[in-house]
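Notes for the one structure printed next.
The values are calculated or read from the model by the stated rules, or taken from the named source; none is laboratory data. Predicted model only: the values in this text are computed from it and were never measured. Every residue, glycine as well, gets a Cβ built from its backbone with ideal geometry; the counts of neighbours run over all protein chains shown.
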Amino acid sequence: MRVAALTVLLATAAALGAGRLDIQLPGTAKEPVLAAPTATIPPTGTPSQAAETALSPGQESAISIGVGGPAAQASAADATATAAAAATPTETAAPVLAPTEAAIPTPASTPVAELVPTATPPPVATAAPAATTDASPSPSAGTGTQSLSAATPGQPSLTQAAAVDPGQPPAQEIVVGPLRLSFLTALRAESLPKYALPPGSGEWVLLTTRVTNESDRAASLAMSDLRLFDRGTATVVALDTGTDVIATLAGFDPAWSNDDTIDVEPGESAEALLLYLLPPGGSDDLALLVGQTSIDLAPSLALGEAEPAAEPDLLEATVVAILDGSRLTVNVGGQQDTVQYLGVQAPTGDACFSTEATTANSALVEGEHVWLERQATDRGADGALLRDVWIADSNGDRALVAARLLETGAGTPAPAPPDTRYQAWLQASAALARTNGAGLWGACGDVSASTEVAPDDAPQLAFLGGAWRSRWHLTG
């Protein structure tokens, strides 16, 4: 009996400890001995939604590079997670540019074991990023500089800085061998009180020029090589004997005379004052002779004073195709683009001298390494790059292709503001060809309607024809 009673007592205690026996005391409410903490356990239907708040490695990478598209995914997925934290879910489209704690919520009070999804969660709000993000747009074929600039990092671009301010006409310039001459002042009058020049027998022509050595060797320019040429009267005027005196009064140091030579070290510049007394009856068609080349003075005289454009930003390229007398295709670091020469217009199609102009262009640049210079305008209406194109001559100095084409009569000058840095130089080059009847000037009759050069009856550098033909190997 005692053993049996002990056995019953032990079984009863075991049942009470396991919670299987519910003993109700008189006068008390019935309550379970063990109460499950239901308030802290989320509904069984929400685990898959909560799991969607975690971003995949690919999405995290997109945010790390500043793509705003995944914000729609984060905001939509966060709605369920934040509801458990007593926050009202909102659907905001604000882009998330960097990972934040809100973008990747981590439930603190939810047991991890209870949140394992039983099925692959469906994508939520994943369509929005495709419409709003594009981390690396691909340039389209035939597009302009904008698409080239948007290429992936490390890919070469044909974008160049503009050297000419489109709102400020640049000083006229000419390049002779290693030297660049920029004309800062050009005045013509019977008297110039500012420079203490009284009325005389004729008109004073006063120029100031900056001479820059663009080579890696010393270069010089003889003052006696700088002569005034009146095309209308076929008059050549040397520097006035009082040039150095007026230069001294104007503050030039050194003040060079007609007998001096300007020596310029590599990368250095020097400024000089040039003074001429033009005989009475002079014409308006004036040019400055610089050795065996020339530059028209009309554009500089119209400006009076001007600042030179910035130093050219030259881009090296290789010519891969000749399109016509003034256009070509170049390759820059694996990218190809069409280039239109600035300041020159060549005949095309069935026009007179079209084939010959294309041949002349090809003879100069086909397969050659060239340098592209941008003035103000980047591209023309047809999408072609508008550039001055330079080649290396036999001495290793840069030569302007447009000037050489105009010298041979393979085109006509076509100045187009604001890209007028070399306008005066190109007009003088065309004037020489016209005088000599070279190229289209001799083959196509009157083409003066499309040019801005001197009248037909002017000598126009005819006395330099032989020297020019020898230098440029002209045969026409």
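Anything in the stretch 250-270 that is surrounded by fewer than 16 Cβ atoms within 10 Å (Cβ to Cβ) and under 27 Å from A298 (Cβ atoms)? List them, or say none.
S269
List every residue pair whose Cβ atoms sit under 7 Å apart, with the two residues 6 or more apart in sequence or on different chains, where the first one lies in the stretch 174-201 and is on the phi > 0 side of the Ramachandran plot and the second, anywhere, is modelled with pLDDT under 95 and assigned to a loop (DSSP other than H, G, I, E, B).
Sorted first by the residue in the stretch 174-201, then by its partner, the pairs are G177/N395; G177/D397.
Do you know which residues across the stretch 379-390 are surrounded by 17 or more Cβ atoms within 10 Å (Cβ to Cβ) and among the aliphatic types (A, V, I, L, M)?
Hits for the stretch 379-390 are A384, L385, L386, V389.
Which is farther than 14 Å from V211 by Cα and either of a type in the set (S, T, N, Q) or not in a loop (DSSP other than H, G, I, E, B) (or both), of L273, L301?
L301
Considering each residue of the stretch 307-336, count those that are in contact with a Ser or Thr (Cβ under 7 Å, 6 or more places away or on another chain), in the same structural domain as A357 (by TED's automatic domain parsing) and in a loop (DSSP other than H, G, I, E, B), and give that number.
Going through the stretch 307-336 one residue at a time, the tally reaches 3.
Of the conditions (1) modelled with pLDDT under 95; (2) within 30 Å of A310 (Cβ to Cβ), V264 clears all except one; give me its number.
Just one mismatch for V264, condition (1).
For the stretch 405-434, which positions are within 16 Å of V389 (Cβ to Cβ), of a type in the set (D, E, K, R) and touching a helix residue (DSSP H, G or I) at 6+ places or on another chain (Cβ under 9 Å)?
Within the stretch 405-434, just E407 meets the criteria.
When residues of the stretch 295-327 are filtered for being under 23 Å from the mean Cα position of the chain (by Cα), aliphatic (A, V, I, L, M) and under 19 Å from L426 (Cα atoms), how many remain?
Of the residues in that region, 1 qualify.
Please give the number of the condition D244 fails out of (1) in contact (Cβ under 8 Å) with a residue 60 or more places away in the chain; (2) surrounded by 17 or more Cβ atoms within 10 Å (Cβ to Cβ).
Single failed check for D244: (1).
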